[in-house]
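Peer 1: Questions regarding the structure given below will be posed in turn.
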Amino acid sequence: MKLTDLKSKLKKHELSPIYLVDGVDSYIQETVKKSLMTVIPEDQRVMNIGTYDLETVDLGTVLDDARSAPFFGDYRLIVLNNPVFLTGEKTKLKFNLDGFLNYIKDPEPTTILLISAKYEKLDGRKKIVKDLKKIAETIDASAPKENDIKKLVLQYVSGKESQITDDAIGELILRTDGNLSQIINELKKLTLYASGNEMIDLNAVQKLVPRSLNQNVFDLINVLMQGNIRQSIDDYSILILNQEQPLRINAALVSQFRLLLQVKILMERGFSQGKLAQELKAHPYRIKLAMQSARKFKIESLQRAYLGLINLEEQLKTTQRDPKELFELFLVKFRNGWS
């Protein structure tokens, strides 16, 4: 189930006794918690919401609380963070998994149990994981795909009685590297800005949302690929003028070329966008952009550029030479390797 599905169900007062939020996306994890908290009136939350860290608390304590009746209310919310027993990680705590399994098979009807599994992957070989996924309402908190982000943006904007154009959504995703938490923060500004005319357009996004370093570096790489040395130097100079540190710029360039090289190699082995994102543990939107760029490169060119940037990093750390001059030398040395 997606986050948008959960919000729709909660609007209809359709509740499940057990929720499993599976994935590392912080925005989705936190939004699920906040959404379920709204089920309990604000003046009842102190007594009827319990939060436990399962890296330090045993399941017995949690189950005792889960079986308790709400205090002058209709529901209790029990939040379980770091359910390490669902992973392959080792822990010194001994968990009463039989007791937990008995509970999820016959949960307290007035308790909402939220299991926040902020991990890359659960251990699907474990019986407790298999049984939990069969019983719980599972919410996908993996890095969202572009279409999922668009749905969340539209849902948020609609809730603020505003509208947003398709090209504005695309630019917003581009400028935030598809980071949901950042997207929502920027939407707060954009919906406030658009409160007069109710429409968020491309101009509003370009005016109010700053470009990330990764996006500026991505554009710099595109200029490099076109063989435009002068424009590359100008763009690099602008980054320096904007107080970006040379080592930070270079680190972003190294990271991007490393990704391009990995994507190029795996694309030639037949990997799809989804498999690439899973294999490289990168955001699907970043993979999508990398695939578009990687098609324009030869593997040898990417290798030359990557190694050249590693060498440039070493020079930035060990010499007092002007960073712009070092970057220009890098461009001259590798300008014949972009295609």
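Peer 1: Applying the selection to the range 119-131, what residues are open to solvent by 100 Å² or more (accessible area, probe 1.4 Å) and part of a loop (DSSP other than H, G, I, E, B)?
Peer 2: Hits for the range 119-131 are E120, K121, R125.
Peer 1: Next up: With the requirement that a residue be farther than 20 Å from I40 by Cβ and open to solvent by 50 Å² or more (accessible area, probe 1.4 Å), what does the range 59-96 give you?
Peer 2: The answer is T61, N82, G88, E89, K90, T91, K92, L93, K94, N96.
Peer 1: Where in the range 1-82 are there helices (runs of 4 or more DSSP H), lying fully within it, with 1 or more residues that are among the hydroxyl-bearing types (S, T, Y)?
Peer 2: Qualifying helices (runs of 4 or more DSSP H): 3-11, 26-37, 59-66.
Peer 1: State all residues of the range 17-34 that are of a type outside the set (A, V, I, L, M, F, W, C), under 25 Å from L63 (Cβ atoms) and in contact with a Leu (Cβ under 9 Å, 6 or more places away or on another chain); if no residue qualifies, say none.
Peer 2: Listed by number, the residues that qualify are P17, Y19, D22, K33.
Peer 1: Now for a different question. Please determine whether any residue of the range 104-114 is in contact with a helix residue (DSSP H, G or I) (Cβ under 7 Å, 6 or more places away or on another chain), assigned to a loop (DSSP other than H, G, I, E, B) and open to solvent by 60 Å² or more (accessible area, probe 1.4 Å).
Peer 2: No, the range 104-114 contains no residue that is in contact with a helix residue (DSSP H, G or I) (Cβ under 7 Å, 6 or more places away or on another chain), assigned to a loop (DSSP other than H, G, I, E, B) and open to solvent by 60 Å² or more (accessible area, probe 1.4 Å).
Peer 1: Another one. Kindly indicate whether I139 is aliphatic (A, V, I, L, M), without any contact (Cβ under 8 Å) to a residue 60 or more places away in the chain and surrounded by 14 or more Cβ atoms within 10 Å (Cβ to Cβ).
Peer 2: Taking the combined requirement at face value, the residue does not satisfy it.
Peer 1: Also, I was wondering about something else. Can you confirm whether L213 is closer than 21 Å to S26 by Cβ and touching a strand residue (DSSP E or B) at 6+ places or on another chain (Cβ under 9 Å)?
Peer 2: In short, no.
Peer 1: Also: Could you look through the range 227-237, keep only residues that are open to solvent by 30 Å² or more (accessible area, probe 1.4 Å) and touching a residue at least 12 places away in the same chain (Cβ under 8 Å), and pick out the one that is nearest to R295 (Cα to Cα)?
Peer 2: The selected residue is G227.
Peer 1: Give G308, G274 a once-over and let me know the one that is open to solvent by less than 60 Å² (accessible area, probe 1.4 Å), within 23 Å of D25 (Cα to Cα) and assigned to a helix (DSSP H, G or I).
Peer 2: G274
Peer 1: Restricting attention to the range 178-190, does a residue exist that is in contact with a helix residue (DSSP H, G or I) (Cβ under 6 Å, 6 or more places away or on another chain), in a loop (DSSP other than H, G, I, E, B), under 24 Å from V32 (Cα atoms) and open to solvent by less than 70 Å² (accessible area, probe 1.4 Å)?
Peer 2: yes
Peer 1: Hey, another quick one. Quick check on the range 31-43: of everything there that is in contact (Cβ under 8 Å) with a residue 24 or more places away in the chain and either among the aliphatic types (A, V, I, L, M) or open to solvent by 40 Å² or more (accessible area, probe 1.4 Å) (or both), which residue is farthest from L122 (Cα to Cα)?
Peer 2: By that ranking, first place goes to P41.
Peer 1: Enumerate the pairs (first residue in the range 288-299 and over 14 Å from R258 (Cβ atoms); second residue anywhere and buried (at least 18 other Cβ atoms within 10 Å of the Cβ)) with beta-carbon separation below 7 Å, excluding pairs fewer than 6 apart on the same chain, so at least 6 apart or on different chains.
Peer 2: Pairs that qualify, where the first residue is over 14 Å from R258 (Cβ atoms) and the partner is buried (at least 18 other Cβ atoms within 10 Å of the Cβ), are L289/F218; M291/V263.
Peer 1: With respect to the numbered conditions (1) within 30 Å of G178 (Cα to Cα); (2) over 23 Å from the mean Cα position of the chain (by Cα), which one is the sole condition not fulfilled by P17?
Peer 2: Exception for P17: condition (1).
The values are calculated or read from the model by the stated rules, or taken from the named source; none is laboratory data. Predicted, not measured: the structure shown is a model, and the values here were computed from it. Backbone-built Cβ (ideal geometry, glycine too); neighbour counts: all protein chains shown. The area values use the complete protein model at the heavy-atom level, side chains included, leaving out ligands, DNA and RNA. Shrake-Rupley method; radii C 1.70, N 1.55, O 1.52, S 1.80 Å.
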